[in-house]
1. Being open to solvent by less than 30 Å² (accessible area, probe 1.4 Å), of a type in the set (Val, Ile, Thr) and in contact with a Gly (Cβ under 9 Å, 6 or more places away or on another chain), is that true of even one residue in segment 110-118?
2. Would you confirm whether or not segment 122-129 contains a residue that is in contact (Cβ under 8 Å) with a residue 60 or more places away in the chain and open to solvent by 30 Å² or more (accessible area, probe 1.4 Å)?
3. Looking at the structure I just gave you, is Lys144 open to solvent by 50 Å² or more (accessible area, probe 1.4 Å) and not in a helix (DSSP H, G or I)?
4. Filter segment 90-108 down to the residues that are under 10 Å from the mean Cα position of the chain (by Cα) and assigned to a strand (DSSP E or B) and list them by number.
5. More than 26 Å from Ala146 (Cα to Cα), surrounded by fewer than 20 Cβ atoms within 10 Å (Cβ to Cβ) and not hydroxyl-bearing (Ser, Thr, Tyr): does that describe Gln67?
6. Just the residues that are touching a Ser or Thr at 6+ places or on another chain (Cβ under 9 Å), over 18 Å from Asp25 (Cβ atoms) and small (Gly, Ala, Ser), please, taken from segment 83-116.
7. Please find, within segment 25-64, the residue that is most open to solvent (accessible area, probe 1.4 Å) out of those that are under 15 Å from Val117 (Cα atoms) and among the charged types (D, E, K, R).
8. Could you identify the single residue in Gly96, Gly101, Gly105 that is under 14 Å from Leu42 (Cα atoms) and modelled with pLDDT of 95 or more?
Amino acid sequence: MSRNLTFTAAALTALLAFGPAMAADEVNVAPGLTAAGAPLALHGSDPVALLDQGRNVEGVAAQTVVQDGVSYYFASEANRMAFEANPARYKVQNGGFCTFGVSVGKKFDGDPNFAAVVDDKLYVFLNEEIYHAFRKDEAGTIAKAAETWKTIEHKAAKDL
């Protein structure tokens, strides 16, 4: 019995040590886990609908894809399949954190109700006011966020 317990503890330690390596807060996710065993991105919104259709559509758990340790929900099988065929295309920028916040060195929640598609890339924002501020200087905010993201991507939101 003791030998089995020791083996189990060693196996769990190895899984934790060599499992998916994600630094603190690389992707903005909801607390808890989905039925797929990974936290939920984009508040459950369908990233394909946001990017390709320009509208926020709630996904369903029956159409889930786990990518890089994060669950994404889709509104349809077609959207799920589009994502699976090219996940990099549908990846929300700045880990799904508010792009304006990232531009000033913070990781604020990115709300898919306030999303923009610029140059075929998906960006999300904290709220309507921040979204409108972004619209005044889209290119500048995106450039600043891209540069800042390189320095904060692997830092916990609480440490910024």
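The values are calculated or read from the model by the stated rules, or taken from the named source; none is laboratory data. Computed from a predicted structure; not experimentally measured. Cβ coordinates were reconstructed from backbone atoms using ideal geometry, including for glycine residues, and neighbour counts include every protein chain displayed. Note: accessible area is taken over every heavy atom of the protein model, side chains too, but ligands, DNA and RNA are not part of it. Shrake-Rupley method; radii C 1.70, N 1.55, O 1.52, S 1.80 Å.
1. Within segment 110-118 (the criterion being open to solvent by less than 30 Å² (accessible area, probe 1.4 Å), of a type in the set (Val, Ile, Thr) and in contact with a Gly (Cβ under 9 Å, 6 or more places away or on another chain)), the answer is no, since none of the residues qualifies.
2. No, segment 122-129 contains no residue that is in contact (Cβ under 8 Å) with a residue 60 or more places away in the chain and open to solvent by 30 Å² or more (accessible area, probe 1.4 Å).
3. For Lys144, the condition - open to solvent by 50 Å² or more (accessible area, probe 1.4 Å) and not in a helix (DSSP H, G or I) - is not met.
4. Phe97
5. Details: more than 26 Å from Ala146 (Cα to Cα): no; surrounded by fewer than 20 Cβ atoms within 10 Å (Cβ to Cβ): yes; not hydroxyl-bearing (Ser, Thr, Tyr): yes.
Against the criterion (more than 26 Å from Ala146 (Cα to Cα), surrounded by fewer than 20 Cβ atoms within 10 Å (Cβ to Cβ) and not hydroxyl-bearing (Ser, Thr, Tyr)), Gln67 does not qualify.
6. Residues satisfying the conditions are Ala115, Ala116.
7. This residue is Arg55.
8. Numbers: Gly101 fails: under 14 Å from Leu42 (Cα atoms); Gly105 fails: under 14 Å from Leu42 (Cα atoms).
Going through Gly96, Gly101, Gly105 in turn, just one is under 14 Å from Leu42 (Cα atoms) and modelled with pLDDT of 95 or more: Gly96.
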